[in-house]
1. Out of B:Glu21, B:Glu73, I need the residue that is in contact with a strand residue (DSSP E or B) (Cβ under 9 Å, 6 or more places away or on another chain) and touching a residue at least 24 places away in the same chain (Cβ under 8 Å). Which one?
2. Which of the numbered conditions does A:Val5 fail, given that it passes all the others? Conditions: (1) surrounded by 22 or more Cβ atoms within 10 Å (Cβ to Cβ); (2) more than 7 Å from chain B (Cβ to nearest Cβ); (3) assigned to a loop (DSSP other than H, G, I, E, B).
3. Need a quick list: strands (runs of 3 or more DSSP E) entirely within region B:1-93 having at least 1 residues that are more than 9 Å from chain A (Cβ to nearest Cβ) and crowded, with 21+ Cβ neighbours inside 10 Å.
4. Against the definition (under 17 Å from B:Asp17 (Cα atoms), modelled with pLDDT under 95 and more than 14 Å from chain A (Cβ to nearest Cβ)), how does B:Gly114 come out, yes or no?
5. Among the listed residues B:Arg109, B:Arg89, which satisfies the condition of being at pLDDT 95 or above and charged (D, E, K, R)?
6. Could you list all residues from region B:28-52 that are among the hydrophobic types (A, V, I, L, M, F, W, C) and touching a His at 6+ places or on another chain (Cβ under 9 Å)?
7. Filter region A:12-58 down to the residues that are within 9 Å of another protein chain (Cβ to nearest Cβ) and touching a Lys or Arg at 6+ places or on another chain (Cβ under 7 Å) and list them by number.
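The values are calculated or read from the model by the stated rules, or taken from the named source; none is laboratory data. Source: prediction; values computed, not measured. Backbone-built Cβ (ideal geometry, glycine too); neighbour counts: all protein chains shown.
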Amino acid sequence: MSYEVWNTGSGNLIAAFESEVEAVAFAEASMREHGAAYLEQLALVQEDRDGRLEMVAEGSALLACAVARRDAVLSGAGSPTGATSA
Amino acid sequence: MSGPIPTCSFSRLVHSDPPGEQDFRSDEACGEPLPVGDAARDRRWQGVSVFSTEAQARKLGRLVPRLGRFIAEVAVPHEGDITFARTGRSRGHFTLWGHPGELVRRVTRVVLVGTDDVPESERSATDEDRG
C-alpha cells in the first residue's frame, strides 16, 4: 500500500508514504508550515498492491484530517510520527 | 552513421488541448512552497509528474479530476536537456526535469481522460502498467 500527496494546482506529486498515518502527519506539518489554504489544493490518494487507486481525502477533508491530528497531538492522544518518504 | 534518437514515452495530466507551458510547470516554477520533509521532495519539487503509461495517468485523472481533463503523451529523448527518474511509490510514476517549453515541444498526442467508469482491465496491475 502506498499513500501519495498530489498538488492539484500544479499537477505534481509532492510526497509519498508507506502509511496513512505518515501522510496525515505530513499534511499536518504542511498546515503548520504553509497555512490551511495550502491544504485546500492537496489530494491524498491510496494505491493498493494491485494498483487500484482510492481517494483518502482532498481539499477541506484533508485539512480536517490534519486539524484532527493536530488536536490529538496537542491533547496528548497522539504523537508525531517519523515519516518514511520516497 | 546515426539512426533515430531513442525516446521514452510518458503521459501527463494536463488542463488544455493543445497543452501550453503552464501545463508543464514544476511546483518550484508555480511558486509553490518547498514541501516539508526530505531531500527527495526538494528534487521532485523542481520537476513535473508523469506516468509511464496512459492507463496509469487515466486512472489518477478519473479519481482526481482537478489534475486535468486531458492526457498528453511526451516523447523524451534518452539524451538531451530533459532528464527523468522513477520517483514516488505509485506504479509507473516518474519525474521529468526540463524547461516547460521544451517539454511542450515533445508532446506527440493529447487525449481526453474521459469520465466513463474505469474498466476492470484498467483497475488491476495486470494491464499495460509499467514501472
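1. B:Glu73
2. For A:Val5, the exception is condition (3).
3. In region B:1-93, B:7-14, B:48-51, B:70-77 are the strands (runs of 3 or more DSSP E) which contain 1 or more residues that are more than 9 Å from chain A (Cβ to nearest Cβ) and crowded, with 21+ Cβ neighbours inside 10 Å.
4. Here the answer is yes, as B:Gly114 does meet what is asked.
5. Just a single option satisfies the conditions, and that option is B:Arg109.
6. Hits for region B:28-52 are B:Val36, B:Val50, B:Phe51.
7. A:Leu13, A:Ile14, A:Ala15, A:Ala16, A:Glu47, A:Gly51, A:Arg52, A:Leu53
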